[in-house]
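Undergrad: Dropping a structure here in structure tokens format, bear with me for questions.
Values in this text are rule-based calculations from the coordinates and carry no lab data. Not measured: the values here are computed from a predicted model. Ideal geometry is used to build each Cβ from the backbone, glycine not excepted, and the neighbour counts take in all protein chains shown.
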Amino acid sequence: MSAIVDTVIWSLALRRDASRQNPQVVEILQSLIRTQQVAIFGSIRQEILSGIRHQTQFDRLRNVLRAYPDIVLSIDDYELASEFFNTCRSRGIQGSNTDFLICAVAHRRNYQIFTTDRDFENFQPYIPITLIQVKA
């Protein structure tokens, strides 16, 4: 099953000491890459590339990420993201627009979400998402 890989995973995995600091995260991402199950879309790509200070690093990372084509989003994705936002907010659960868009895109395509962001665990009781579990 394909998985939307959240920005936090890319950030962890792209660090120089990632395999030492976060071996399970790196192993899962490598497995998703090997089996061609990595999914990404524009907002995640933008978050990953934002804030890189050196143009050569930006160019290198942009070229690496180009190996993963963007999921084409539709009006239905944005509308469902808004519904998920409203559902969670009505229960006192906050999240970013990008996080709820990830949830909507994953749900509509029956994808898992690969993240270590605990916000997604807070969403899970209220909206139909499947997370890839990373053992502590």
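Undergrad: Ranked highest first by the average count of other Cβ atoms within 10 Å around their residues, in what order do 39-50, 57-68, 1-12 fall? Don't skip to the end; give the middle numbers.
TA: Numbers: 39-50: 17.2, 57-68: 12.6, 1-12: 20.2.
Output ranking for 39-50, 57-68, 1-12: 1-12, 39-50, 57-68.
Undergrad: Taking the beta-carbon count within 10 Å as an exposure proxy, list CYS103, CYS88 from fewest neighbours to most. Walk me through the numbers on the way to the answer.
TA: On the way: CYS103 26, CYS88 22.
Going from least to most buried by this count: CYS88, CYS103.
Undergrad: Work out the FRET efficiency for ASN110 and THR87 from their Cβ-Cβ distance, taking R0 = 22 Å, and round it to the nearest 0.05.
TA: Once rounded, the FRET efficiency stands at 0.70.
Undergrad: Here is a follow-up. Give me HIS107, HIS54 sorted ascending by neighbouring Cβ count inside 10 Å, so fewest comes first. It would help to have the intermediate numbers written out before the result.
TA: On the way: HIS107 18, HIS54 8.
Ordered by Cβ neighbours within 10 Å, fewest first: HIS54, HIS107.
Undergrad: Still on this structure, please answer the following. For region 105-136 and region 17-65, compute the distance between their C-alpha centroids and round to whole Å.
TA: Taking the Cα centre of each part, region 105-136 and region 17-65 sit 18 Å apart.
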